[in-house]
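Heads up: the structure comes next, in structure tokens.
The values are calculated or read from the model by the stated rules, or taken from the named source; none is laboratory data. Quick caveat: nothing in here was measured; it's all calculated off a predicted structure. All Cβ positions, even for glycine, are placed from backbone atoms using ideal geometry, and neighbour counts span all protein chains on display.
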């Protein structure tokens, strides 16, 4: 997720390569990052910075923040799933402003969906900085921190749910007789078109669905199968499970 955010920021021109330092202790990973992002500085230890983005696995957040405590950092944006701002603030060991966020991987292509929550020491300016960073690669919502695990379950993990739907639609098209390349083009463009209409027309999904569904028609027959199979409940269960896992990861990180 950290690299997706970086790539999105570089792609949109929000930041220049020379203005960024990636801290990566693993030599092999540093080599990969250097090849993927020419001009970006790489280091094995944190450096002084006006702002730092913590983009590590939840179990490594405390270690990373303790390392940041040894340098001058103006503020911190954490995109680690489940780890509370209070835990990050404690690891930093000073009144460093912290904003916690949950972006998603479509930030890589400038259409990410993120939510942010300010910590104890974060000012309106710090929150605006975090929103500006994430807003360069998509939309940003501000929520209470108590809702960030739900954000993780919905939009953080959500792209994977959509990709699974895309796979299923393509396979269904092939099963119905379409050549796979044709099924892929049609399924992917259908998802893109539907999502674009949801965003641009500002209409409830149920209204858009009704527009496609003629009484006794083909769409009604297909929707009947999906509703009978409990697709709504399956998605609800998936978001709930991902939300609960985010809570578990944060709890485990706090105990380290």
Next on the checklist: Among (1) on the phi > 0 side of the Ramachandran plot; (2) surrounded by fewer than 20 Cβ atoms within 10 Å (Cβ to Cβ), there is one condition residue 86 misses while meeting the rest; what is its number?
Outcome noted: (1)
Item to check | Criterion: out of contact with any strand residue (DSSP E or B) (no Cβ under 9 Å at 6 or more places or on another chain) and farther than 30 Å from residue 90 by Cα - qualifying residue of 216, 250, 158, 153 | outcome: 216
Checklist outcome for this item: Checked pairs for segment 211-231, first in the same structural domain as residue 201 (by TED's automatic domain parsing) and surrounded by fewer than 12 Cβ atoms within 10 Å (Cβ to Cβ), second modelled with pLDDT of 95 or more and in a helix (DSSP H, G or I), C-beta under 7 Å and 6 or more apart or across chains, list as 214/220
Next on the checklist: Test of understanding: among 158, 250, which residue is modelled with pLDDT under 95 and surrounded by 15 or more Cβ atoms within 10 Å (Cβ to Cβ)?
Outcome noted: 250
Checklist entry - Identify, please: which residue in segment 1-20 is loosely packed, with under 12 Cβ neighbours inside 10 Å and outside any helix (DSSP H, G or I) and is, among those, modelled with the highest pLDDT? => result 16
Checklist entry - What is the one condition in (1) in contact with a helix residue (DSSP H, G or I) (Cβ under 6 Å, 6 or more places away or on another chain); (2) within 24 Å of residue 90 (Cβ to Cβ); (3) modelled with pLDDT under 95 that residue 137 does not satisfy? => result (2)
Checklist entry - Condition test on residue 207, is it more than 20 Å from residue 150 (Cβ to Cβ), outside the structural domain of residue 81 (by TED's automatic domain parsing) and either within 29 Å of the chain's Cα centre (by Cα) or modelled with pLDDT under 95 (or both)? => result yes
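Condition check ((1) in contact (Cβ under 8 Å) with a residue 60 or more places away in the chain; (2) outside the structural domain of residue 93 (by TED's automatic domain parsing); (3) touching a strand residue (DSSP E or B) at 6+ places or on another chain (Cβ under 9 Å)) across all residues:
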{"residue": "8", "(1), (2), (3)": "yes, no, yes"}
{"residue": "16", "(1), (2), (3)": "no, no, no"}
{"residue": "23", "(1), (2), (3)": "no, no, yes"}
{"residue": "28", "(1), (2), (3)": "no, no, no"}
{"residue": "47", "(1), (2), (3)": "no, no, yes"}
{"residue": "59", "(1), (2), (3)": "yes, no, no"}
{"residue": "64", "(1), (2), (3)": "no, no, yes"}
{"residue": "72", "(1), (2), (3)": "no, no, yes"}
Checklist entry - What strands (runs of 3 or more DSSP E), lying completely within segment 21-72, carry at least 2 residues that are closer than 22 Å to residue 89 by Cα? => result 21-23, 52-54
Checklist entry - Yes or no: residue 181 within 26 Å of residue 109 (Cα to Cα), outside the structural domain of residue 103 (by TED's automatic domain parsing), touching a helix residue (DSSP H, G or I) at 6+ places or on another chain (Cβ under 9 Å) and loosely packed, with under 11 Cβ neighbours inside 10 Å? => result no
Checklist entry - Looking at 119, 93, 82, which is the one that is touching a helix residue (DSSP H, G or I) at 6+ places or on another chain (Cβ under 8 Å) and modelled with pLDDT of 95 or more? => result 119
Checklist entry - Do we have residue 112 as assigned by TED's automatic domain parsing to the domain that holds residue 13, closer than 24 Å to residue 13 by Cβ and without any contact (Cβ under 8 Å) to a residue 24 or more places away in the chain here? => result no
Checklist outcome for this item: Residue set 67, 35, 27; condition surrounded by 13 or more Cβ atoms within 10 Å (Cβ to Cβ) and either under 19 Å from residue 100 (Cα atoms) or out of contact with any helix residue (DSSP H, G or I) (no Cβ under 9 Å at 6 or more places or on another chain) (or both); output residue 67
